[in-house]
Amino acid sequence: MEFLKKLGVKKKNLGASTGLKWYGSEKGEELKIYSPINGKYLASVYQADEKDYEKVAAKAHEAFLQWRKVPAPKRGEIVRAIGDQLRLYKNDLGKLVTYEMGKSIQEGWGEVQEMIDICDFAVGQSRQLYGYTMHSERDNHRMYDQYHPLGVVGIISAFNFPVAVWAWNSMLATVCGDSNLWKPSSKTPLTAIAVQHIIGDVIKKYKLPEGLFSLVIGRGSSVGEKMVNDNRVPLVSITGSTGVGRKAAQKIAARFGKAILELGGNNAIILSPEADLQMALPAIVFGAVGTAGQRCTSTRRLIIHESIYDKVKQTVVKAYKSLIIGSPMDQKNHVGPLIDKTGVEDFMNALTRAKNEGGKIIFGGKVLEGKGYESGCYVVPALVEAENSYEIVQEETFAPILYLIKYKGDISNAIEIHNDVVQGLSSSIFTNNLREAEQFLSAWGSDCGIANVNIGTSGAEIGGAFGGEKETGGGRESGSDSWKAYMRRQTNTINFGTELPLAQGIKFDI
């Protein structure tokens, strides 16, 4: 494919890079990548081993020691150049995101645009790494706090957003004075290789330190373990399952490292009797079937007041019947493939469990076969009537399954159902009742890191901090003051007088 050549992706690729050099060996384990769109072979990667990791990690640390001395606004100029370079490759990189991951081409281009947007945000942030000045209780003293670069930032990303989440972390880390070490998902390594080539052009042009942007593609049990246990990596940002995050966080904490965790989501939309259903419908459907239900913010539960339940059910079923399933390269199609056949198995197993617990499948739930579906990764999105208490409803299934759940009484009952899961990422309510909306956003409302009114759960702008609570992990990425996670905080006190008074009026005479 021509776009692969433009992005520097070869038929066979090495799995580790410092931005200027590539490491690895064709004797390494070969990871073959097939497109979920049609099952066709794209390219392969020779996975990095622990020796390769040591090489790139050492270079990343060396790069940090140089980069932290560069003034933050000048770091921002480099990020600006990266954004400009991404603009040149947006079309081709977006295509690769779609071919390798399976999301719609609009979403593929949108993901690259998200990378460009966070570059723009980070450029501005490079001049706003603010600290505070405090009044001292002691005469002739001044107190203030400031933020310093942290070190090498490890980034472990997931397949569903193969490039955007890396950019959320790396662009902010870069303006904060850190270097970056990226371990992408083994399901989508080609997009990471392409990004590394794009970044490499900027590194060469501006003669940046080798290792400022490093890449290592390999098994979690080898290079992943090395990263989470590496004292040279003070912060590791992990996007993935709750199980993976829990194990990694314990190891990072054991060495007193920092972790940003973006883990499971079990996101719900509440439909109040006073909801604008015409507005809510596209939010529900896109939230549930967009990216084939493989977003951490995908809508998984629809909590509907009993007075409008039947009407909503009929409307949603009708909308699902109109969905067009097929190649994500065709912009007329609404739903593309799951990432692989393992995803299909998870989809089918979840539906079996839902039925065994008493749920009723009212639409979809089939695997598609025949022309156009040769990869075996296409399914018909499912609607299931269920109870929030079902074990399967309590879990996150990374597939297009939407559970319809009925609530009675006032909005407090809906919020109680909404919060009764272990995850806490994204949430939404549709209502034209101001009191209901404000209660949903109150301290006794949604317990999620993201809470929306009259928009869906899926999709986020880079200007806001992204992340969740409970078993979602508690970290924040992207906008707002998320930059602080990539720096170390320091409190400074300056005595510009001729005496040495102690705090709290303590006397110590010698």
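The values are calculated or read from the model by the stated rules, or taken from the named source; none is laboratory data. The structure presented is a predicted model; accordingly, all values stated were derived computationally and were not measured. Counting neighbours? That spans all protein chains shown, and the Cβs are built from the backbone with ideal geometry, glycine included. All accessible areas refer to the heavy atoms of the entire protein, side chains included, with ligands and DNA or RNA removed. Shrake-Rupley method; radii C 1.70, N 1.55, O 1.52, S 1.80 Å.
Screening the range 256-293 for residues that are closer than 19 Å to Asn388 by Cβ and among the β-branched types (Val, Ile, Thr) and picking the one that is surrounded by the most Cβ atoms within 10 Å (Cβ to Cβ) gives Ile269. Of everything in the range 1-57, what is closer than 26 Å to Val152 by Cα, of a type in the set (A, V, I, L, M, F, W, C), part of a loop (DSSP other than H, G, I, E, B) and open to solvent by 30 Å² or more (accessible area, probe 1.4 Å)? Give them in sequence order. Hit for the range 1-57 is Leu20, nothing else.
Among the residues that make up the range 175-185, is at least one of them acidic (Asp, Glu) and out of contact with any Leu (no Cβ under 7 Å at 6 or more places or on another chain)? Scanning the range 175-185, I find no residue that is acidic (Asp, Glu) and out of contact with any Leu (no Cβ under 7 Å at 6 or more places or on another chain), so the answer is no. Of the numbered criteria (1) more than 24 Å from Glu395 (Cα to Cα); (2) within 25 Å of the chain's Cα centre (by Cα); (3) open to solvent by less than 70 Å² (accessible area, probe 1.4 Å); (4) at pLDDT below 95, the one Lys484 fails is (4). Scanning the range 100-143 for residues that are buried (at least 16 other Cβ atoms within 10 Å of the Cβ) and of a type in the set (D, E, K, R) yields Glu100, Lys103, Glu107, Glu111, Glu114, Asp117, Arg138.
Count of the range 157-180 residues, restricted to those that are among the aromatic types (Phe, Trp, Tyr) and either without any contact (Cβ under 8 Å) to a residue 60 or more places away in the chain or surrounded by fewer than 24 Cβ atoms within 10 Å (Cβ to Cβ) (or both), is 2. Residues in the range 222-255 that are in a loop (DSSP other than H, G, I, E, B), open to solvent by 60 Å² or more (accessible area, probe 1.4 Å) and without any contact (Cβ under 8 Å) to a residue 40 or more places away in the chain: Asn229, Asn231. In the range 81-108, the residues that are over 16 Å from Gly293 (Cα atoms) reach residues that are surrounded by fewer than 21 Cβ atoms within 10 Å (Cβ to Cβ) and of a type in the set (Asp, Glu) with C-beta atoms within less than 7 angstrom, at least six apart or across chains, in these pairs: Gly83/Asp120; Gln85/Asp201.
Residues in the range 23-44 include at least one that is closer than 30 Å to Leu338 by Cα, of a type in the set (D, E, K, R) and touching a Gly at 6+ places or on another chain (Cβ under 9 Å).
So which of Lys95, Lys27, Lys6, Lys90 ends up being more than 23 Å from the chain's Cα centre (by Cα), of a type outside the set (A, V, I, L, M, F, W, C) and under 18 Å from Gln196 (Cα atoms)? Only one candidate qualifies: Lys6.
Checked against the criterion of being out of contact with any Phe, Trp or Tyr (no Cβ under 8 Å at 6 or more places or on another chain), open to solvent by 10 Å² or more (accessible area, probe 1.4 Å) and closer than 23 Å to Phe64 by Cα, the range 187-195 has no qualifying residue. Selection of the range 421-447 for residues being of a type in the set (D, E, K, R) and surrounded by 14 or more Cβ atoms within 10 Å (Cβ to Cβ) yields Glu436, Asp447. Among the residues of the range 467-486, is there at least one that is touching a residue at least 12 places away in the same chain (Cβ under 8 Å), more than 27 Å from Val316 (Cβ to Cβ) and aromatic (Phe, Trp, Tyr)? Yes. Of all residues in the range 205-256, those that are among the charged types (D, E, K, R) and farther than 16 Å from Ala60 by Cα total 7.
Annotation: of all residues in the range 58-82 being over 25 Å from the mean Cα position of the chain (by Cα) and among the basic types (Lys, Arg), the one that is least open to solvent (accessible area, probe 1.4 Å) is Lys59. Take the conditions in contact (Cβ under 8 Å) with a residue 60 or more places away in the chain and under 26 Å from Asn38 (Cβ atoms) and apply them to Ser322. Does it pass? Spelling it out, it is not the case that Ser322 is in contact (Cβ under 8 Å) with a residue 60 or more places away in the chain and under 26 Å from Asn38 (Cβ atoms). The condition of being open to solvent by 20 Å² or more (accessible area, probe 1.4 Å), under 20 Å from Ser17 (Cβ atoms) and either touching a Gly at 6+ places or on another chain (Cβ under 9 Å) or part of a helix (DSSP H, G or I) (or both) holds for Gln85. Among the conditions (1) in a strand (DSSP E or B); (2) on the phi > 0 side of the Ramachandran plot; (3) among the hydrophobic types (A, V, I, L, M, F, W, C), the only one that Ile304 does not satisfy is (2).
Look at (1) touching a Lys or Arg at 6+ places or on another chain (Cβ under 8 Å); (2) open to solvent by less than 20 Å² (accessible area, probe 1.4 Å); (3) within 23 Å of Ala268 (Cβ to Cβ) and you find that Glu306 fails only one, number (2).
Note on the range 362-388: residues that are more than 16 Å from Tyr320 (Cβ to Cβ) and out of contact with any helix residue (DSSP H, G or I) (no Cβ under 9 Å at 6 or more places or on another chain) amount to 6. In the range 488-501 there is no residue matching the filter, namely being of a type in the set (Gly, Ala, Ser), at negative phi and either at pLDDT below 95 or in contact with a strand residue (DSSP E or B) (Cβ under 6 Å, 6 or more places away or on another chain) (or both). Counting only residues that are part of a loop (DSSP other than H, G, I, E, B) and on the phi > 0 side of the Ramachandran plot, the range 436-485 holds 6 of them.
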